[in-house]
Each structure stands twice: as structure tokens, then as C-alpha cells.
Amino acid sequence: TSPVNASAELLARRQRVLGQGYRLFYQEPLHPVRGEGVWLFDAQGKRYLDVYNNVASVGHCHPAVVDAIARQSAQLNTHTRYLHHAIVDFAEDLLREFPADLDNLMLTCTGSEANDLALRIARHVTGGTGVIVTRWAYHGVTSALAELSPSLGDGVTRGNYVKLIDAPDNYRQPGAFLASVQAALAEMRAEGIRPAALLFDTIFSSDGVFSPLAGEVAQAVQWVRDAGGLFIADEVQPGFGRTGEAMWGFARHQVVPDLVSLGKPMGNGHPIAGLVGKSALFAAFGRDVSYFNTFGGNPVSCQAAHAVLRVIREEQLQQNALWVGHCLREGLQALAQHHALLGDVRGSGLFVGAELVSDRENKTPASAEAVAVVNTMRQRGVLISATGPAGNILKIRPPLVFREEHAALFLDTLDAVLTEVAQR
Ligand code: PMP
């Protein structure tokens, strides 16, 4: 069979055995079989520029990470109930990247488990139940987190202890963020609900990629703490250097969170995630509740994550994210001069949002055009996606080894595709 037929056959088999719960990217599904750096290669040998994959953050199949996994796998893999240097070496080294107050690490396999643990700790130590999340948030797959992930849609019912706030969208509704935090706290007070936590993704990825005004987050966190709650920073998307200015997205907001959840890029595709926090909180929880995660923090995962951390430092990927992210946004702003569809360009480092609007006056979301742009880009060998409640914000989030020449190729392709889509 030809590679084209092989992909078609795989699609049919997949639909038969995986059922309806799964979604594939793109109108014409992608069938990559190999990855290297910022490139993916499909079954037909066609090359794609990956401008979307924040998991393979130090580049697809980075040799240092592959080697670390292979070596430890060949020696021993167990769990966190035995002493093993790899776990402690990694924990010590990772915590060097955090403010001194954040001095403990607990390891999990997924970002969902990290957020779930954060939630349990917050509720345990505060005695509260209330949680404040953004209106189009995503925080994970467990039943507790689905309630805190309104972007999953109306099929998920929420307890009244979940209060929704507006993301700090300074393109459409400046100031709404703080006002909605105040309203959420007032609602909790009126209903006799004690707040446990304010939880948000520090780059507001699923809401549409936003940067709050200076001081806004600090103010919100202060109000929540005054009411007895904690601040949980979800760094699953922005963490590990992606936002360029710092290793963690929360640093942009001049606050030190109480708990910080990590995931996606932590093992460059190997499933390791974790929760960093103040040791007093972990101690208060640990006194009453024992926690064991069979696979979380196993030596192979820790070697993978440690290799990722070293590569980020050695290859100066945070600095690269800052510079190439700046070039990308400048390039997009230049495109906006002659493409009316491009209504707003924003983000930090290599986490860029480009909002498509069908008219700039009313900022009408150009949702259908975003679908067309994403799929036409895919046909032209460039992978991106779209986000936000209306799906009209291009999500541009490449591996951190994305260089200026890759940005130039991306911008040239987008330029042509925007022209084509506008003429349809
Ligand atoms: N938080 C955020 C902000 C995420 O984007 C995700 C995953 N998309 C998660 C948490 C959950 O992580 P995981 O899929 O590893 O459970």
C-alpha cells in the first residue's frame, strides 16, 4: 500500500477501536512518523514546521533527553518509595529555579494530577472549598478539574463553589479581570462559601493568551489571600522558559504563588509533571494525608526532566524564546499593516496569540477564517492551531529551539495564507 492509503487505513482502524471521545487535529489528519528539532516528518516524507508543540519544548527527540531516558531505563526504574539519587538531584536542581519561598516539590505524571493535588492541599490547609477560575479555563481531566475547566463546554456541571472570572483581555474588555475577581469574592461571601484558591494559567492560554496590566494580578492575589485563599499558578503551558522573560509565567505578574503546577514540557514528551510549593503547606497536608503516585517521579522520569532542565540552561532557550518571540510579534504586527483580518497580536516569548477579526471596528471574531488559516497552513507545511471561546485566536507556540529563520518561514507562509483566505 502507498503511504497515502496507509494513513487512510490507519484512520479507519482508529475510528473503529478508539470510538467517539477522541479528536484529531486538522481537516486532513496529520500522520507524523518522525521528529527532529522544530520539524515533523509524515508518512510520505513531507516536512512540517512545528509552530505548535509546547511539549517537545527542547525540540523533538532531543538526543540528551533520549539518552537520559535510555540509560536510566537500562539500569533501574522504580518509584519514590525507595531512595534514589535521580529524584533528589532533580528536585534540588529544579527548586533552584524558584523563589526561596517555594522550596518543596511533589511529582506526578500529568498536569491534571498536579492541579488536583494543588486543589486538595489548598482545600485542606484553608478549610475552604471555593475556587476562582477564568471563564474559558482548562486545568485538567479529573472530575474535580473538569468542574474548573469551563472551556470543556456546558456538558460539565459545576458546583456553586466554582466562580468564574474574566481573563485580563485588554483588547476587548480592559479592567474586567479585577472587577470580576471582586464580584466572585463577594458572591462567595454572600453564599457562605470560603475561598480555597484562585487558580489560573499565567499566560491564559485557553482563554486567548493575555497579559494583564501591571499590578492587576498582585491585587487579585492580595484580595484572595485576605479572604483566606491561596494562589495556585498553573504553569503547565507557560512554564520552563517559554514566556522568555523568566523561567515561569508568574514572574511576569510580580507575585510569588503558594503552589505552582508543572507539566507538558517538563519531560519533553516523557510523562512527568509536578507541584512546587511552600513547604509549610506540604507539611500541613502531609501530616494528615499520605500521598503516593506509582509512576510519578520514577527515576527514568526524573532523568528525563533533569536532562530537559540542563538543555534549557545550556542552550539558553529562555533567552531564545525572548528574542525569537519578539521577532515573531514584530513580524505579525508588520503583517497586520496589510491584512485586516489580523486584529491583535500579543503574548510573551514563544507563546504568541494572533486574534483574527472580520471587522476591526466591532472586533467580530473571524472564527471560520481561523479554521481556514490553520488548515491551509497545515497544507503548506506549517503547524499551528486556534484558541479562545470563539476559536479565532491563532495559537503560535513552537518548540523553544525555534530560530529566526523558522520565524521567517512561518511569517512568509502566513502572509500568503492570509491573502488566500481573505479572497475566498
Ligand atoms: N493545565 C493547563 C493550563 C493545560 O493546558 C493542561 C493540558 N492541556 C493541563 C493543565 C492538564 O495537563 P495534562 O494533560 O498533562 O493532564
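Quick note: the coordinates plus some simple rules give every number you see, no bench work behind them. Being a predicted model, the structure only gives us computed values, none of them experimental. Cβ atoms come from the backbone with ideal geometry, glycine included; neighbour counts cover every protein chain shown.
For the reader, a short list of remarks on this structure follows.
- Of the chymotrypsin sites (Phe, Trp or Tyr not before Pro) found in the range 77-174, the ones in coil according to DSSP and having at most 14 other Cβ atoms within 10 Å of their Cβ are Y82.
- Report note on the peptides 122-130, 13-21: ranked by the mean count of other C-beta atoms within 10 Å, highest first, their order is 122-130, 13-21.
- Simple spin-label estimate for Q219 and R47 in nanometres, 7 Å along Cα-Cβ: 5.0
- Pairwise centroid distance, computed over Cα atoms, of the range 48-66 with the range 182-233, Å: 33
- Anchor K363: aspartates and glutamates whose Cα lies under 18 Å away (excluding residues fewer than 8 positions away in-chain): D166, D169, D207, D344, E355
- Anchor K264: lysines whose Cα lies under 18 Å away (excluding residues fewer than 8 positions away in-chain): K395
- Value of Rg/Rh across the range 63-314 [Cα atoms, Kirkwood radius]: 0.97
- Projected area averaged over orientations for the range 1-119, convex hull of C-alpha atoms, nm²: 11.6
- Unit charges at the beta carbon, dipole of the chain: most positive-side option, V308, T108, V345: T108
- Dipole-positive endmost among H85, L164, S205 within the chain (Cβ charges, Cα centre): H85
- Among the chymotrypsin sites (Phe, Trp or Tyr not before Pro) in the range 288-339, those placed in a DSSP loop whose Cβ has at most 12 other Cβ atoms within 10 Å are F292.
- Alpha-carbon centroid distance for the pair the range 107-125 / the range 385-424, whole angstrom: 34
- Cα→Cβ-extended label distance, 7 Å offset, between V141 and N362, nm: 4.1
- Shape category assigned to the chain from the gyration tensor of Cα positions, a/c cut at 1.5: oblate
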